[in-house]
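See structure below.
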Amino acid sequence: MSLVTLAQVLQPALSGGYAVAGLVTLGWEDMRAFVEAAEEERVPVILQAGPSCRENTPLPVLAAMFRHLGEGASVPVVAHLDHGHSAAECREAIDCGFTSVMYDGSRKPLAQNIDETAAITAMAHAAGVSCEGEIGFVGYSGGEASAGTDPDEAARFARETGVDAMAVSVGNLHLQQGQGAGLDEARIRDIEALTDVPLVIHGGSGVPEAQRRALARGSHICKFNIGTELRMAFGAALRKAVNADPDRFDRVQILRDTHAPMVAATRRVLRTMR
């Protein structure tokens, strides 16, 4: 296969009754494991470069790694900018070779969010790239509180921006280290009654697996972002590898021991979306 856009994997998911995982990457070791897991499960995968990743690795380097993995993969791979906070950042990602960008105007007033997201969507589409936007605000575990998505505002946002995917706030939280109380399914149904744009859940690690699976099969939610769950798996594997031999110092050897556990953990995540 080759690199594909977000729309190219989400539209089949919407019609086929499944979701695609947006996996938050932090480096070569996890993104390589994510693609291998997707190949073993024979499903598409979305590699996501979020703000914390971009703090340590420049966008052109991330784009090159994503593209290298995607071009050699046997399944569709999306190279996705997660939580872009400016048109300039989204433009840089597009110019570097990302196939999808997410513009996050969720902290801004509705009209401003719509105007800015619409402009970035138009820019992305002109380059043959997909765009995801966010309406409502998804908060953070132990941090900023959420502002739930209003269904009427979501319908307007989808209609006026032309986004390929719409992230919503329906009880989800970023950075949850365990499964939470679950998503507000009534609010999800109200949103999807007013728009057929594929929906995205940020903070998918906190969604109970049974609900994740049920919503993937029976709602307009076509993408679950998973970050914390797999970061914890990587941290556990790395800790075990380091402690296994206190005298070992070669990080290539140490990191090699994290690969199989990360592939296994990712495969478990991918199976919750089918």
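The values are calculated or read from the model by the stated rules, or taken from the named source; none is laboratory data. Nothing here was measured: the structure is a model prediction, and the numbers come from that model. Here Cβ is always computed from backbone atoms with ideal geometry, including for glycine, and neighbour counts include all displayed protein chains. When the accessible area is computed, the model is the full protein with side chains, heavy atoms only, and any ligands, DNA or RNA have been set aside. Shrake-Rupley method; radii C 1.70, N 1.55, O 1.52, S 1.80 Å.
The label-point distance for Glu40 and Asp115, in a model that sets each label 7 Å from Cα toward Cβ, rounds to 5.0 nm. The portion of the accessible surface of the chain made up by carbon and sulfur, rounded to a whole percent, is 51 (1.4 Å probe; DNA, RNA and ligands excluded). Of Gly142, Gly17, Gly206, the residue with the greatest mean-square motion in the GNM of the chain, using alpha carbon springs below 10 Å, is Gly142. Full extension of the chain between His125 and Glu153 yields a length gain of 7.8 nm, computed as 0.36 nm times the residue separation minus the alpha carbon distance. Taken about its Cα centre, the chain carries a charge dipole of about 700 debye when Lys and Arg each add +1 at the Cβ and Asp and Glu each add -1 at the Cβ. For the pair Gln177 and Arg274, label points projected 7 Å from Cα toward Cβ lie 3.2 nm apart.
Any chance you could give the angle, 0 to 90 degrees and rounded to 10, that helix 87-96 forms with the longest Cα principal axis of the chain? Rounded to the nearest ten degrees, it is 50. The Cα center of segment 1-39 and the Cα center of segment 91-141 differ in position by 19 Å.
Equivalent-ellipsoid semi-axes (√(5λ), Cα gyration tensor) for segment 139-274, whole Å, largest first?
36, 14, 13
Using the 1.4 Å probe convention, the accessible area of segment 6-272 works out to 41 Å² per residue with neighbouring protein chains retained.
For the chain, the longest principal axis of the alpha carbon atoms and the long axis of helix 6-16 meet at an angle near 80°.
Taking the chain as the reference, fit the longest principal axis to its C-alpha atoms, fit the long axis of helix 110-126 to the helix C-alpha atoms, and give the angle between the two in degrees, 0 to 90, nearest 10. The angle comes out near 60 degrees. Size of segment 6-272: Rg and Dmax of its alpha carbons, in Å, are 17.8, 60. Which residues does the label zone of His85 cover in segment 125-157, counting backbone N under 18 Å from a point 7 Å along Cα→Cβ? Under cut-off, by backbone N: 133-141, 143-147. Modelled spin-label separation between Ser52 and Glu160, with each label point placed 7 Å from Cα along the Cα-to-Cβ direction: 3.4 nm.
Provide the percentage of antiparallel DSSP beta bridges, counting only those with both residues in the chain; round to the nearest 5. Counting DSSP beta bridges with both partners in the chain, the antiparallel share is about 5 percent. As a length-normalised measure over Cα pairs under 8 Å and 6 or more apart, the relative contact order of the chain settles at 21 percent. Using R₀ = 25 Å, calculate the FRET efficiency as 1/(1 + (r/R₀)^6) where r is the Cβ-Cβ separation of Ala264 and Gln211; round to 0.05. Between Ala264 and Gln211 the formula returns 0.65.
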